[in-house]
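Colleague: Let me begin by handing over the structure; questions about it come next.
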Amino acid sequence: DVSEEDWFLRGSSRATFTPNSLWGLFSGSEWLGWSCSPSGLWLTGALSPSLQDLMQNVDELLETPGDLESLSRSQQCCVATNLLVGLEAVLRELSKLLPDGLLNYSAVTELSLKVQEQGDGNVTLSQTQAKMQLNWNLAQKSGDTDNGPSAVGLVSIPGMGKLLAEAPLVLEPEQLAALRERHKGWLQDARPVLLSHVNAAFLSNKDTRNLSSPVTFVFSHRSVIPGPRQKVFCAFWKPGQKGCGHWATTGCRTVDPRDTSTTCHCSHLSSFAVLMAHCDVQEEAPVLTIITYVGLGLSLLCLLLAALTFLLCKAIQNTSTSLHLQLSLCLFLAHLLFLTAIDRTEPKVLCAIIAGALHYLYLASFTWMLLEGLHLFLTARNLTVVNYSSGSRFMRKLTFPVGYGIPAVIVAISAASHPHLYGTPARCWLNPEKGFIWGFLGPVCAIVSVNLAFFLMTLWILKSRLSSLNSEVSTLQNTRMLTFKATAQLFILGCTWCLGMLQVGPAAQVMACLFTVTNTLQGVFIFLVYCLLSQQVREQYRKWFKGIRKSRAESEVYVLSSRATSDTSSPSTVRTRTAPRAHH
């Protein structure tokens with residue numbers, strides 16, 4: 001890579017900038033072959049050209065672009081990138097030769113430049129279509145051996161819009177998630193429309209990647225009212241590795257969008273503009289809604305049956321079934337609340353409460369999943385009766401404080417820090433703004449990772465135990481069942497949620513289908529693995545069914561005998577009642 005100093009012209013004799021000389025900066029054979037290395041951005045001349053000549057010739061280059069119009073869009077972006085970065089470096093160096101004061105140049109391209117030996121407080125540069133305000137301390141050159149004056153500059157380049165109008169816009173993941181929530185669908189593309197002029201901001205301090213305080217920009221633009229699938233963004237031009245680039249939004253926030261102006265806060269300096277992105281949204285497939293309702297309904301039934309089994313089946317009650325019971329209850333309540341209240345966005349207070357309850361219940365489910373993984377690891381270590389193991393005593397003391405306490409702490413911290421981010425316009429869930437969604441995704445990623453570690457350690461222990469087993473069939477069967485449960489548990493309790501985090505890119509819809517199917521059927525998987533595939537539970541089910549059939553048969557026999565008794569006693573009763581009448 002070439003530093004900004006290499007973009008600046010070098011030489012010892014007088015020179016002036018002309019459109020031909022500026023065009024010569026970008027007419028080399030290197031960038032025509034795609035690579036836009038700025039190593040050729042040198043002109044013979046001293047550092048004293050006229051700023052006015054420089055601005056006028058930039059305008060002439062962009063107003064009568066000549067061969068620029070024949071270039072492809074990617075090559076035009078490449079030229080624009082070189083011109084923006086090179087112009088910024090030239091102006092920064094030329095500012096060292098200027099006396100203290102404020103310089104304004106206004107033609108097609110506007111330049112505002114303030115040079116000051118020492119300063120404090122805020123400085124504001126105003127132009128026809130743009131205004132920049134920042135703290136003067138940001139311009140101070142920290143750690144620089146050059147103790148010259150500090151400079152702040154803003155250049156508005158209307159002609160640059162023709163070169164960058166069709167460049168792509170890359171949004172932050174949080175913004176993509178917010179748009180997805182807003183439109184209730186999958187964002188396929190965000191096609192930007194340039195609203196304002198392209199404005200390049202620079203300081204004498206070259207390190208502007210992460211400023212200590214934000215810079216405020218106010219950009220005027222043509223009157224626009226965003227449509228239902230349009231949104232205004234503050235964006236900056238991000239050069240690419242090969243001299244080209246794209247519009248990006250990282251580090252810039254749109255704080256006050258209006259019809260004819262937009263205010264932005266940015267934590268770095270570059271070339272900025274206001275864009276309105278038109279979002280192409282693929283509506284959520286109706287089949288996913290059907291799968292969700294059918295799958296969750298089936299899961300609720302299975303979770304209810306599983307919870308009743310763990311409560312009523314005395315033969316299997318131990319630490320393991322206690323964990324299964326709490327997991328089933330948390331998932332049952334979470335799925336039930338999701339199914340009945342996820343779309344109740346009004347009133348907002350109720351929606352926030354629903355979102356907080358869902359946050360807590362799903363986190364509690366994951367915490368019990370973590371305890372399941374820990375218990376599985378402790379069980380694999382000794383392969384003894386779980387009720388009397390040291391691991392079981394440890395788990396009894398640990399389960400409830402961890403299972404319900406940790407989620408409560410996380411939700412309390414989230415609610416205290418950003419209570420207004422519980423609930424979105426589309427559904428009652430966590431708002432992705434300001435990274436708030438990581439209050440859920442962070443613990444989920446941590447628990448899945450820890451569960452994976454428990455799973456690998458369990459498999460390692462089982463492998464060593466299997467190699468040392470004798471021909472005792474019961475131990476072999478128990479070990480194989482434990483291995484199966486370890487595999488099933490990792491899939492049921494962890495991998496299904498990983499699919500939800502992979503819903504990006506071209507495969508988003510496929511991942512959404514897989515996540516919806518596997519996640520809504522978690523209750524079915526739990527009932528299958530922990531109930532139907534357990535020999536003790538199946539035997540208990542047989543006893544219950546036999547008892548039900550026996551009681552039903554006894555009930556039928558009782559009814560039949562009652563009817564028979566009634567039928568045999570009825571005639572004699574009639575005779576005893578009618579005989580006196582006949583005799584009389």
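Each value in this text was obtained by applying a stated rule to the coordinates, not by laboratory testing. Fair warning: this is a prediction, and the values are worked out from it, not measured in the lab. Glycine also receives a Cβ, built like all others from the backbone with ideal geometry; neighbour counts cover every protein chain displayed.
Colleague: Between residue 433 and residue 230, what FRET efficiency follows from the Cβ-Cβ distance if R0 is 22 Å, with the result rounded to 0.05?
Modeller: Efficiency, rounded to the nearest 0.05: 0.75.
Colleague: By the scheme Lys and Arg +1, Asp and Glu -1, what is the net charge of all other residues having a beta-carbon under 11 Å from that of residue 270?
Modeller: Result for the local shell: +1.
Colleague: How would you rank 413, 316, going from fewest to most other Cβ atoms within 10 Å of each one's own Cβ?
Modeller: With the fewest neighbours first, 413, 316 line up as 413, 316.
Colleague: Sorted by average packing, counted as other Cβ atoms within 10 angstrom per residue and highest first, what order do 80-93, 293-306 take?
Modeller: Listed from highest to lowest mean packing, they are 80-93, 293-306.
Colleague: Report the extension gain between residue 535 and residue 63 in nm, rounded to one decimal, defined as 0.36 nm multiplied by the number of residues separating them, less their alpha carbon distance.
Modeller: Stretched fully, the residue 535-residue 63 segment lengthens by 161.7 nm.
Colleague: Provide the FRET efficiency to the nearest 0.05 for the residue 409-residue 349 pair, computing r from the beta carbons and using R0 = 30 Å.
Modeller: The pair residue 409/residue 349 has a calculated efficiency of 0.85.
Colleague: Using only Cα atoms, locate the centre of the stretch 421-460 and the centre of the stretch 512-549, then give the distance between them in Å, rounded to an integer.
Modeller: Here the two parts' Cα centres lie 26 Å apart.
Colleague: Taking the beta-carbon count within 10 Å as an exposure proxy, list 457, 132 from fewest neighbours to most.
Modeller: Ordered by Cβ neighbours within 10 Å, fewest first: 457, 132.
Colleague: Taking 0.36 nm per residue of separation and subtracting the Cα-Cα distance, what length does fully extending residue 484 through residue 397 add?
Modeller: 28.6 nm
Colleague: Now for a separate question. Please rank 172, 346, 110, fewest neighbouring Cβ atoms within 10 Å first, as an exposure proxy.
Modeller: Exposure proxy ranking, most exposed first: 346, 172, 110.
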